[in-house]
Structures are given as structure tokens and as C-alpha cells.
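These notes are about the structure you will find just below.
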Amino acid sequence: MTNSTNIRLEVDESNLVNNLRHAFTKRSNVLSELMQNGRRAGATEIRFTIGKDKLTIEDNGKGIDDFSDLLTVASSGWDIDTIQKESPFGLGFLAALYACKNIQIESNGTLLEADTDSILNQEMIGLSHSLVRVGTIISLMDLDYDFEQLENDIKSLSAGFPIQVFINDDEVLRPHAQENLIGANTDIGFMHLTGIHNGSWKPNKYTLVYLQGLPIWYNGNRMGPLHHGRHSSYFHTPFGLAGCPQDCNIVHLDSEKYIARVPDRDVLIDSDEFEKTLTKVVSQQFWNCFTEEKELLSSQDFIKRRWELAHSMNHRDISFNYKAFFNDIPLVPEDVFKVVHDYPYILREDEEPEDFLDDLSSSNQFISKEDFESNRFIVLGMGVMEDTYYEPSNAIAYMFALGSENTVIYSSDYSVGLHDDHWLHDYIETIEDCENHFSYKLIGKNLNIIKFEGDWIKEMDINFVIDCDKTGTQSACEITHTKSGQVVSIEDDAFILPNKVVFFPEREKTSKVVTQALRWSDEGSWCDDEQDNEETLLSRFVLSERAKDPEALLQVLLNSQKLHKYSALSGMAFNVSIDLSGKLDVTMIGA
């Protein structure tokens, strides 16, 4: 039979106190703790005086009633109201003891002066009389701190602090203090959001969160004191937090709802859950703002102010779909559309279509629903960056857009995605519609279709068109938009017809149509040389097929070789013959 005994939790006080020094991970903890103590004591200002190896912190609060509270671990000594609102832990003052070799504290007529080792060794410390009757003055001698860094750290910690802070009698700027911000009270605390409260329309994705006036959470890209619970060192500028954009969102948390992790108190408990809550609260604030502005502003002004934001904000909560605000407004900003302004070609995987697409520029800033209903504007919906969208069979739609003044391109790659229920969807002609909505007619005398075979283009049917009707009009292809009846005439450019045959007008002088036949990239590498070679082959083929006079053709070919630059050939005469296999025989016949 086993004998039973009773045990209980015991604390090795000396070992606990000495090892707690390793729990504080940043030198700046001593600054934040002493600032918090002054604020909790009702101070309206805190003054730092930086000397050689000495830092003095003075506040004008109610002072220290019982000095033993300072030296009692896990007993804060604060009143019930402060304990309920802020959950002080009674560990913070230890940071001051670990940071220096000697400490002096004066408050309410009492002086404590001792070396910190004696205090940490739990020796009896004597108290004496002080002339300081108001507030508290704490002096840290032989301070273990980089004094060049000290001033910057004070400024960083003061950026959102609720009471005035001075360094050597110079007031520190507090741009993020709640009293200096316009904002709104929310379920998590006070919130200042760019795009709503700072007078601008553009929000900032970065948010800096304060708890009890000190920074505790930041979602920026650059590592700083707070980055989802991970930290290194504080940001530093004369203004405060350099890693945080000047116009970032600012949140001052409700200290009764949120608690920081001890002892550093620079990381929120359950920070991951807080991030979800923050996202939802911010979303709700913008939703409320959109609702109010839609009622107060004209449709044009509301679109100008909020369209881009509504279509760019990415929210996990589908209940906040800001795009829906525009579903019943019969206007669309023109800058969501593009126009074809140059010869269209099939894009490579890493190319941008700015070479042939451009912003729509008109006298108006909006296109109305009526404009599409009356076919004053035709909108083609094409994702030009997607392999399956712009293929040779779609060239006819792009060529129509090139020749049309009122055809615009709506592409998810270059403009914002519409809400699923937006009215514009009823007027967008998708890529599947193009084959049925465009017809073509070749004007002029059609020669027989001739097959071209290159090195990369294995087979291309080319329909050469020569002089047109009896009026002498240049050769052309007419493309008709069957829905509206609008007609565009193509006179100068070859392009690929829906039946895969290449329309090649007489006035076409280039071979750029090869860019509509292939993408000219192979596993991410550009095939520039291959494309140039193919254009050369096509040019020679076209020249050969168009030639009415073999002598004239030979003259063109010889001129293209710039034979005049070869002095040995100057003044010479040759007899040139070419057999059926293409073999060349050249005989000099004189000089």
C-alpha cells in the first residue's frame, strides 16, 4: 500500500525574481512601463531627461502611496477601477530594476535610493524624506541602454500616447494619439481609417494598433516592433514609426476587452483571432461609409470617389461586397475600358498588351447604360492575357475594334471585376459571342488561296486581294457587327479571318500577320529571332506571289541586298539563270 502525502505549489522567490530578467525581451520595456505608471497615476505629462549614463523620468500624477507596492511582484497596487479597466500585472517595475545598477525614486515626500542588486536580492531597503510632494521622479543610474537609441525609442513609444511627453524639455510629437485624430468608436475601440476619416478617398491597407497608448500590432510589410505578434526593434524617425506609413489606419483598443501578454505587453493575446475581428470591423466601417455617401452624393461623385476602392477591396466575408453599391447606378466610369489603338497580336505569356490597347479617352468620364442600349457603344469582353481568349479566330473582333471609334474592350485583366448582378453584363459580348456577332466581306478580285509554309508556321492559307471594284477603291475587307449593323473597312492590314484564311490586302507592306498566328514563345522564352525569320520568309513569299514581272521581282530582291555597297560588283554585267529546282547559275558577261 502506497503512503499518500499532500503537496502544494511553492515559489522559490529569489530564483523567480532573478530569472524574470530574461522574460523582458526589449530594453525599451523600462520606458513603456514607467510611461504607463505615470499615466495610470493620473499624470498629464511625462518628462524624460537624458544625461550621461542617467535617465530621469518625471510625471505630475498622484504619486506613490505605498512604496512597498513597487517592490511586490504580482501586486500592482492600483485601485479597483484601474485593475478592472487595464489588468495591470504587477511585473512592469521589475524592468526598471533590471535595466540599471542604481535607482532613486521620490514621491509624496518619500525617497527610495538603492542599488538594484540589493533590491533584487530581497534585502531590506530604507526609506527617507524627500522634498518632492507632487508627482513622481525616478532616476536610473548606470543605465544599461544605448543612449543614442534611447531618444528614438521614447519617440516611437510616444507616437500614440494619450498624454504629453517631453525629452529634455522638448515636446515629442504624438501624431497617432487619439486626441489628434478624427475617427469613430467601434466594438473594439477607437478607429481612425484612411479613406474615411483623414479627408482622402484612398484607404491604406496598413494598420497600427495601440493598447493603452502603446503600439502592439502592425500588419505592414516591414518588420518592426509589432508584426502579427513578431517583433525586432522599433521604427525610428523624427516623426515616430518609420516602418508604418504616415497615413496608415490607427486603432486604439478598448483595454477592458483586450489584454497584452506579460511581461513585455507588446503582443496581444490571441492576435490571430484579433486580426479576423479587425478585418470585419474595418469592413463594417467602410460599408457604413458607402451607405451614407451613396445617399448624400450624386451618382457621378459617388462613382468617382468609391468605384476603384469598392472593386479592389478583397474581403473574406461575402456579406461585405462593396461592388453591389453600383448595380443600380446606370453609369460606368470610362477608365474601366480599353480601346484597340494599334495592330493586335497574340500576346506572349509575359507581355503586356499596352502596345495595342490604350485607355479610353473621350469627352465624358462615364458611359451610360443608355449608350449600350442604343449601340452608341459596343463592348467586347475579352481577357486578352488568357491563352484561351485571344486566338487567331478572334482577330476579326479586335480588327473591328481597331477600326471603330465606339468599340471598347472590357477585360478582367485591365479593369476591375464587376459584381455578378451588375447591369453591364447584359451588354458585354463575350469571346464566345464573337463568331456569331461579326461577319466579313472581301471587296475586290480574289486570287486563288495560296498556301504558305514557313519554318514555324507549318501551313497558312493566304487570300491575296487586288484592285477592287470599278470605282478604283483600294482593296478592303468589310467587317460588320451584326447586332448593330456597324461596318468597319480594313484597307491596309492583313489579319486572320474566322475561317483561318489570311486576308492580305494589296496595300499591306509588312508581314506582321505572323504575330496573329503564333504566340512566339517557348516554355517562357521569347522566340524573337524565329519570329523575325518567319516574317522575312512571308515577305519573300508575298513578294514572289504578287510579282507581275519576274524582272521587276529580281530587281526588288537585288536592291534589298544593297549590292551597290560591294565595290567588286560595280560596273559588272552578269547572266543569271534559275532552274526549276531553284538552283542559281551566274555567268559574268562583261564589265
Quick check on my filter: what residues within region 519-533 are assigned to a loop (DSSP other than H, G, I, E, B) and either out of contact with any helix residue (DSSP H, G or I) (no Cβ under 8 Å at 6 or more places or on another chain) or not assigned by TED's automatic domain parsing to the domain that holds Ala397 (or both)? Arg519, Glu523, Gly524, Cys527
For Ala310: the one exception among (1) of a type outside the set (Lys, Arg); (2) assigned to a loop (DSSP other than H, G, I, E, B); (3) under 21 Å from the mean Cα position of the chain (by Cα); (4) modelled with pLDDT of 85 or more: (2)
Condition check for Thr72: modelled with pLDDT of 75 or more and assigned by TED's automatic domain parsing to the domain that holds Ser107: no
In region 335-358, anything at pLDDT 85 or above, surrounded by fewer than 19 Cβ atoms within 10 Å (Cβ to Cβ) and either of a type in the set (A, V, I, L, M) or under 25 Å from the mean Cα position of the chain (by Cα) (or both) is listed as Asp335, Asp358
When you check Asp272 against the structure, is it modelled with pLDDT under 80, of a type in the set (D, E, K, R), in the same structural domain as Leu208 (by TED's automatic domain parsing) and out of contact with any Asp or Glu (no Cβ under 8 Å at 6 or more places or on another chain), yes or no? no
Scope region 514-540; condition farther than 16 Å from Ile496 by Cβ and hydrophobic (A, V, I, L, M, F, W, C); matching residues: Trp526, Cys527, Leu537
In region 539-557, anything in a helix (DSSP H, G or I) and among the acidic types (Asp, Glu) is listed as Glu545, Glu551
Given the condition in contact (Cβ under 8 Å) with a residue 40 or more places away in the chain and in contact with a strand residue (DSSP E or B) (Cβ under 7 Å, 6 or more places away or on another chain), answer yes or no: does some residue in region 580-588 qualify? no
Can you find even one residue in region 164-173 that is modelled with pLDDT of 90 or more and under 26 Å from Lys276 (Cα atoms)? no
Residues in region 396-415 that are of a type in the set (Gly, Ala, Ser) and modelled with pLDDT under 85: how many? 3
From the option list Thr515, Thr536, Thr510, single residue qualifying as at pLDDT 85 or above, in the same structural domain as Ile396 (by TED's automatic domain parsing) and in a loop (DSSP other than H, G, I, E, B) is Thr510
Of the criteria (1) of a type in the set (D, E, K, R); (2) within 22 Å of Leu208 (Cα to Cα); (3) modelled with pLDDT under 90, which one Asp254 fails: (3)
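The values are calculated or read from the model by the stated rules, or taken from the named source; none is laboratory data. On a predicted model such as this, the values are computed, not experimentally measured, just so you know. Neighbour counts run over all protein chains shown; Cβ positions are idealised from the backbone, glycine included.
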